[in-house]
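The values are calculated or read from the model by the stated rules, or taken from the named source; none is laboratory data. If you're wondering where the values come from, they're calculated on a predicted model, not measured in any experiment. Don't worry about glycine lacking a Cβ; one is built from the backbone with ideal geometry, like all the others, and counts go over all protein chains shown.
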Amino acid sequence: MNNKPIILAVDDDEDNLVLLTEVLEPLHCLVMTATHGQTALRLAQAYQPNLILLDIMLPDLNGIEVVYRLKQNQETARTPVIAVTALARLEDRDRLILAGCNDYISKPYILEDLETLIRHYLPLIQSVG
């Protein structure tokens, strides 16, 4: 049985998902990706990730709707969600936190800042090397 933490990365930009996957690789996580909100909801329900990195500007459902639906679902309500978005104003951050995101990082982000956030929500992750 694999006990690596599962991180679901959701972004409509494939390049951003590739970058996130590379950033997460040294953290020894299983990384799942989705480019649409509906797919993210299905994956979250099916695999119960330990953390979700969620872009807000998605082609079908926006990230606020995704996090709302996650928090309404008993099986995914406690999963931490970090908004990873280009929406950088203070009122955007407040709106995302009110919608149910646990935290927020704006694009373009500093890789070390993202890793620090991930380690905060997944304290058992150990970096090797």
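Before moving on, here are some points about what is shown:
- From the list 99, 77, the one residue that fits, being surrounded by fewer than 20 Cβ atoms within 10 Å (Cβ to Cβ), without any contact (Cβ under 8 Å) to a residue 12 or more places away in the chain and of a type outside the set (S, T, N, Q), is 77.
- Of the set (1) surrounded by 14 or more Cβ atoms within 10 Å (Cβ to Cβ); (2) in contact with a strand residue (DSSP E or B) (Cβ under 6 Å, 6 or more places away or on another chain), all apply to residue 4 but (1).
- Residue, nearest to residue 123 (Cα to Cα), within region 6-40, restricted to residues that are touching a residue at least 24 places away in the same chain (Cβ under 8 Å), in contact with a Ser or Thr (Cβ under 8 Å, 6 or more places away or on another chain) and among the aliphatic types (A, V, I, L, M): 27
- Residues of region 18-43 satisfying the condition of being outside any helix (DSSP H, G or I) and exposed (fewer than 14 other Cβ atoms within 10 Å of the Cβ): 28
- For region 31-46, the count of residues that are closer than 12 Å to residue 118 by Cβ, over 12 Å from the mean Cα position of the chain (by Cα) and not small (Gly, Ala, Ser) is zero.
- When residues in region 56-80 are screened for being in a loop (DSSP other than H, G, I, E, B), closer than 17 Å to residue 95 by Cα and modelled with pLDDT of 95 or more, 1 of them pass.
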